[in-house]
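One structure is given here, and the rest of the page talks about it.
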Amino acid sequence: MMSNERWSMEGATALVTGGSKGIGRAIVEELARFGVAVHTCCRHEEELNVVLNKWKNMNLRVTGSICDVSKHAEREKLMDEVQTIFNGKLDILVNNAGTTGTAWKPATQMTSEGYSFLMATNFESCFHLSKLAHPFLKASGRGSVVFISSIVATGAFTEGLAVHSSTKGAMNQLAKGLACEWAGDMIRVNCVAPGFIETRLSKVVADNDEFYKQIKSRIPLRRFGKPEEVASIVAFLCLPAASFITGDVIHVDGGHTINLS
């Protein structure tokens, strides 16, 4: 393979869940700039239409649909749409959609409904969509799956994230298991684990000045990351140049996880 081909994704197809804002939006734009035809989804039609118009003006090949990934039937409908749009060809799946729930809560205050919603959105959707995409990724001959995990799967960072961090830890283990199971199908599976990134969700931290300073003091680079800094690692993992990387969890956290002791 020529060196320029190793760094090209021109003509590839991708599904990125939760692509209307934050890290997901940055991933959609990063892949599309590499020449990838991207389909994305979100729960809110108005929000989706705004970004689709923006991407159209940027001459990026992006389509989208409404989907609540916490719901089994909607995940199946989404994959049917992707199959139709890309004529059964899918090279990349990025399971990005996720949530911390309605609020950070101690485990003793977590309701069964809250637990089920977190598991369905963060972990169950990740497994189910990967399973649904498997035949199309296998047919590609160069399938790449990337899960957007989190550094909270590495340790207990703050109170109220016990269940959320568990979904991310399960995601990391799923990636390792699928990487082994699907290697023979020429499908690579990896996790990207962001640290504190400047998104709407991180505003909860930034608004608490004392907590914000405490967190930032433990990050060797002394700042929060940007969504595009996560997106670039996702794109790299999908490139032919990353063809020998599978079953890995890559932290994008400014060094946070090496400075926890």
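The values are calculated or read from the model by the stated rules, or taken from the named source; none is laboratory data. None of the values given here were measured: they were computed from a predicted structure. No Cβ is skipped: glycine too gets one built from the backbone with ideal geometry, and neighbour counts run over all protein chains shown. Note: areas computed on protein heavy atoms with side chains; ligands, DNA, RNA excluded. Shrake-Rupley method; radii C 1.70, N 1.55, O 1.52, S 1.80 Å.
Considering the range 161-261, the qualifying helices (runs of 4 or more DSSP H), each wholly inside and each with 2 or more residues that are crowded, with 21+ Cβ neighbours inside 10 Å, run over 162-181, 227-238. Residue-level analysis places Leu118 among those that are open to solvent by less than 60 Å² (accessible area, probe 1.4 Å) and out of contact with any Phe, Trp or Tyr (no Cβ under 7 Å at 6 or more places or on another chain). In the range 124-160, the qualifying residues are those that are β-branched (Val, Ile, Thr) and in contact with a Pro (Cβ under 9 Å, 6 or more places away or on another chain), and the one that is surrounded by the most Cβ atoms within 10 Å (Cβ to Cβ) is Ile148. Tell me, please, whether a residue that is more than 23 Å from Phe236 (Cα to Cα), among the charged types (D, E, K, R) and assigned to a helix (DSSP H, G or I) can be found in the range 57-72. No - not one qualifying residue is present in the range 57-72. Of all residues in the range 86-113, those that are touching a strand residue (DSSP E or B) at 6+ places or on another chain (Cβ under 6 Å), of a type in the set (A, V, I, L, M) and either at positive phi or not in a loop (DSSP other than H, G, I, E, B) (or both) total 3.
Restricting attention to the range 75-93 and to residues that are over 19 Å from Met9 (Cβ atoms) and more than 18 Å from the chain's Cα centre (by Cα), the residue that is least open to solvent (accessible area, probe 1.4 Å) turns out to be Glu81.
Taken over the range 24-63, the residue count meeting the criterion of being open to solvent by 30 Å² or more (accessible area, probe 1.4 Å) and touching a residue at least 40 places away in the same chain (Cβ under 8 Å) is 3.
Considering the range 136-153, and only residues there that are in contact with a Lys or Arg (Cβ under 9 Å, 6 or more places away or on another chain) and in a loop (DSSP other than H, G, I, E, B), the residue that is farthest from Gly98 (Cα to Cα) turns out to be Arg142. All conditions but one from (1) at pLDDT below 95; (2) under 24 Å from Ala179 (Cα atoms); (3) over 14 Å from the mean Cα position of the chain (by Cα); (4) not aromatic (Phe, Trp, Tyr) apply to Gly98; the one that does not is (3). When Ile66 is tested against the conditions (1) modelled with pLDDT of 95 or more; (2) touching a Ser or Thr at 6+ places or on another chain (Cβ under 9 Å), the lone failure is (2).
Would you pick out the residues in the range 103-138 that are touching a Leu at 6+ places or on another chain (Cβ under 8 Å) and not aromatic (Phe, Trp, Tyr)?
Cys126, Leu129, Ser130, Ala133, Leu137
So, in the range 21-49, of the ones that are closer than 17 Å to Arg75 by Cα and part of a loop (DSSP other than H, G, I, E, B), which residue ends up farthest from the chain's Cα centre (by Cα)? Filtering first and then ranking leaves His44.
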